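Chemist: To start, I am sharing the structure in question, which I have written as structure tokens.
Just so it is clear, none of the values below were taken in a lab; they were calculated from the coordinates. Quick caveat, the model's predicted, so the values are computed rather than measured. When we count neighbours, we look across all protein chains shown, and the Cβ atoms used for this are built from the backbone with ideal geometry, even at glycine.
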Amino acid sequence: MFADYHVHTPLCRHAEGEPAEYVAAARAAGLDEIGFSDHCPMDGPEPFDDWRMLRAELPRYVDMIVAAREAATPFPVRLGLECDFIAGHEKWIEQLAVAAPWDYLIGSVHYLAPGWDVDNPRWIGRFTAGPDATEDIWARYWAAFTAMAASGLFDFLAHPDLPKKFGHRPAGDLQRFYEPAIAAMARTSTGFEISTAGLRKPAGELYPADEFLRHAHEAGLEITINSDAHAPAEIGHAFDQAAAAARAAGFTRTLRFEGRQRRRISLA
């Protein structure tokens, strides 16, 4: 029933285990497929940060996953990439999109400003820097997420409400943040993931929240279920819980990808 498409490798400098170990973990967990999607290299001066591959390492990454695929045959191993969406860098994403025979591209927002990755613990104090700090961070993040969704560059989008990672949420109805992003995804037919990574963070809940899931289903959006694994033991983590949340919101299918073409698998 399940495929885990958000999986990292040691090339991101904060994951452990070789691709073959992740494949073995996927098979042991009873998954139908696995897909790797390490953090993309960025354009401009390097290193861009300390948690992604360098541009010169992209061919090595592709070779690693192709080799893992060949060794695992007939078990499906997909080749993906997690691409940071930063306004003004869209041309770079377009170049990456033709740099290898990708099965899918994941879009994600981490940076709210140069040097400020919102999920990095070093910046956690910014959430409490003033009475409106969390509101401002969420507004910045969701504006970037909505622009990413509107770009149509990606097959699906990662961890939609990432700024809640450390447990900080603005007051009031959060639908004011969700609605523009969901509308943009609907216009571009872009899917999104239900990520179990949030269960392993201080937020202690799935990305995204149940309210987001309900409204996304009403808008006709489509989903994947992923772990954002950075170690083999995290493959398929809490997928039953994620599937239950998806069904409760009304979803009955998940997406599969090959050659950037989608097909749909029942959640029944």
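Chemist: How much length, in nm to one decimal, is gained on full extension between Ala28 and Arg122, taken as 0.36 nm per residue of separation minus their Cα-Cα distance?
Modeler: Roughly 30.3 nm would be gained on extension.
Chemist: Could you grab the relative contact order for the stretch 3-266? Cα pairs under 8 Å, six or more apart, rounded to a whole percent.
Modeler: Reported relative contact order: 20 percent.
Chemist: Related question: Along the positive direction of the dipole of the chain (beta-carbon charges: Lys, Arg +1; Asp, Glu -1; about the Cα centre), which of Pro202, Pro163, Gln241 reaches farthest?
Modeler: Farthest towards the positive end: Gln241.
Chemist: Under 14 Å from the Cβ of Arg55, count the other residues' Cβ atoms, weight Lys and Arg +1, Asp and Glu -1, and hand me the total. Numbers along the way, then the final one.
Modeler: On the way: positive: Arg52, Arg60; negative: Asp38, Asp43, Glu46, Asp49, Glu57, Asp84.
Neighbourhood net charge equals -4.
Chemist: A follow-up question, please. Could you tell me what percent of the DSSP beta bridges with both partners in the chain are antiparallel, to the nearest 5? List each step's numbers first, then the result.
Modeler: Values: 9 of 31 bridges.
That works out to approximately 30 percent antiparallel.
Chemist: Then there is this: Is any residue of the stretch 121-142 close enough, with backbone N under 14 Å, to a label point placed 7 angstrom from the Cα of Ala87 along the Cα-Cβ axis, and if so, which?
Modeler: From the stretch 121-142, the list is 139-142.
Chemist: In nm, give the distance between the simple-model label positions of Ala97 and Glu218, each being 7 Å from the Cα along the Cα-to-Cβ direction.
Modeler: 3.1 nm
Chemist: Taking the convex hull of the Cα atoms, report for the stretch 3-266 its projected area averaged over all directions, in nm².
Modeler: Working: hull surface 51.1 nm².
Averaged projected area of the stretch 3-266's Cα convex hull equals 12.8 nm².
Chemist: Quick one: if the Förster radius is 45 Å, what FRET efficiency do Asp43 and Ala248 give, using the C-beta to C-beta distance and rounding to 0.05?
Modeler: Once rounded, the FRET efficiency stands at 0.65.
Chemist: With a point put 7 Å past each Cα toward its Cβ, work out how far Gln261 is from Ala231 in nm, to one decimal.
Modeler: 3.9 nm
Chemist: Please compute the Cα-Cα pair-distance distribution of the stretch 147-235 with 10 Å bins starting at 0, giving whole percents from short to long.
Modeler: Here the calculated profile for the stretch 147-235 is 17, 49, 30, 4.
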